[in-house]
Amino acid sequence: MTELNDELLVAYADGQLAKDQSKAVERVLEEDQVAAQRVEALRAANAHLETQFEAMLAGEPVPGVSTDISTPAPAKGQRSVRRVLGRAVLFIWVGFGCLLGGAAAGYILHDQILPKEIQIVQLPAPPAPPPLPAPDPIIIRIPPLPAPPVTWQDDAARSYALLSRETFTLGLDASSNPDLVAFQLGKALRADFAIPDLSAANLTFERGQLLQRDGAPLAQISYLPETGAPVVLFVLAGKAKALALEEKKIEGVPVAIWREENLSFLLAGDLPQEKLHALAVTIQAQRLLAQQVAKDAGVKETSPAAEKPSEPEAATSASTVEKPNQQN
Amino acid sequence: MTATKRSGASIRTKLITLSPRLRRFSNILSGDREGAQALMRDTCQNILDGASTFPEGMAFDLWAFGELHSQWLEQLRSHINPLSKGQADPSLFEAQGDTHSTRIADILAKLPPQQRSAVLLVYGEGFSYDEAGRILDTTSQNVIARVSRALASFVERADWLESAAASRAEVEHLDQINRQAG
């Protein structure tokens, strides 16, 4: 009688023995019904476990990324591929042992079967296998991940980032004077600046406020129509390439954006695109006109490069300007 | 987009795709629902935070499974008495409404987590003994030993194997009758 231990039988049943070792085990199993039944039982247990693990995976929620493959990962496919490759290229770590059951068994083991229980031997590396044919490519199309929903906390944090000390400490005395508002904002922006007059579109200037972005002054000029949502013009100081007027939506808000040499503009309002465009063109025209008038009068335009960076005091003097009494 | 951001996005996508398999491994290792959730959460957090770097050229699943196992060991070490955790919850391992599956789940729950994880990696995930050894930070010989002991536990309860085989034969027989009937 020959006894093969479970570890060897499991490795055999799993197909993880080298070819010659598998053949040697098969020869033993042909003679030893008990061992053969044991292998069958182990294989059955193995198969039941595979089914069980698949069932566990089937109960899992589908991940947030959909692919052409309905199951999350091809564990089965990996298995067979890995085994084939593993057998082909890996060193064989599993020796196997058997105990001879005595002369009565009358079975003579080949010399590659070790006389004791499992011994780990490192056999010389098998010759390099022929290159495998290139497998068919598996194409997995992964759509872009949906953007996480924007929470009110996100919005609040963003608006907080725009505030600075200057936003609150200045300019209350100038609230009734739109010219002074323009002067103060212009000084902070280090550019000629007049509050655009949008009264022709029934928009009333309400407030000018100085915010900041990455330390650069950002003017916020708010208008209110007779009814409906406000329209707000943002002006950011800083050298930039001129950019033509463009309308689009940012996070669902209709905006018109354009740039001059030293100022970037964004006009935001819940308005139809053509109306927003018309307002932006009006602002551009008024600025051009103001620049022309200044040129004709011989007033040298403020150059950010020539002017010293505004002192904190100067910058802060133009901050919050409340609604003037008269309409623009 | 920077290379770091691209790499981060790629890892995130791979992690999402792999998450059902990782969660199954987490259930098998932890053996209780709460512990498995914490294990999964901490592992994903570590991976996304870049607490350990994904080595180039390594299979992502192999690395991620190894990370989850390391995290489990960490949690086990921080537990006051790891041996007091008791038997695993079999409902974590069973397919609903299948009595045969319930029986297998019961046996799985009685196995030590090392044996459960070894059989999952080899039979559920299809990793070779060597790969399973890398994930479990042990030798392939130990993996074989754990797998064979786990299978022996199943074989010892041969009654369920026989009943499963009988019920399967019965189902196949009924299928055959149905096919013949049209």
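In summary, B:D106 fulfils each of the numbered conditions (1) assigned to a helix (DSSP H, G or I); (2) within 13 Å of another protein chain (Cβ to nearest Cβ); (3) at pLDDT 90 or above with the single exception of condition (3). Going by the structure shown, is A:E7 surrounded by fewer than 19 Cβ atoms within 10 Å (Cβ to Cβ), within 13 Å of chain B (Cβ to nearest Cβ) and within 22 Å of B:V122 (Cα to Cα)? For A:E7, the condition - surrounded by fewer than 19 Cβ atoms within 10 Å (Cβ to Cβ), within 13 Å of chain B (Cβ to nearest Cβ) and within 22 Å of B:V122 (Cα to Cα) - is not met.
Looking across the stretch B:35-51, just one residue is outside any helix (DSSP H, G or I) and either touching a residue at least 24 places away in the same chain (Cβ under 8 Å) or closer than 24 Å to B:A88 by Cβ (or both), and that is B:G50. Given the condition farther than 24 Å from A:S164 by Cα, of a type in the set (S, T, N, Q) and part of a strand (DSSP E or B), answer yes or no: does some residue in the stretch A:268-285 qualify? For the stretch A:268-285, residues farther than 24 Å from A:S164 by Cα, of a type in the set (S, T, N, Q) and part of a strand (DSSP E or B): absent. Considering A:A194, A:A219, the condition of being assigned to a strand (DSSP E or B) and modelled with pLDDT of 80 or more is satisfied by A:A219 alone.
Checking each residue in the stretch B:104-133 for being surrounded by fewer than 20 Cβ atoms within 10 Å (Cβ to Cβ) and more than 11 Å from the chain's Cα centre (by Cα) picks out B:D106, B:A109, B:K110, B:P112, B:D130.
When you go through A:V28, A:V10 one by one, which is the residue that is at pLDDT 90 or above and more than 16 Å from B:R157 (Cα to Cα)?
A:V10
Filter the stretch B:14-30 for residues that are under 8 Å from the mean Cα position of the chain (by Cα) and more than 9 Å from chain A (Cβ to nearest Cβ) and give the result. Listed by number, the residues that qualify are B:L22, B:F25, B:S26, B:L29. Among residues of the stretch A:26-58 being away from chain B (no Cβ under 14 Å) and buried (at least 17 other Cβ atoms within 10 Å of the Cβ), the one that is nearest to B:A95 (Cα to Cα) is A:L29. Kindly indicate whether A:K239 is out of contact with any strand residue (DSSP E or B) (no Cβ under 6 Å at 6 or more places or on another chain) and not in a loop (DSSP other than H, G, I, E, B). When the stated conditions are applied, A:K239 does not pass them.
A single member of B:R146, B:R134 is part of a helix (DSSP H, G or I) and touching a residue at least 40 places away in the same chain (Cβ under 8 Å), and it is B:R134.
The values are calculated or read from the model by the stated rules, or taken from the named source; none is laboratory data. All of these numbers come straight from a predicted model, not from anything done at the bench. Note that we place each Cβ from the backbone using ideal geometry, even for glycine, and neighbour counts take in every protein chain shown.
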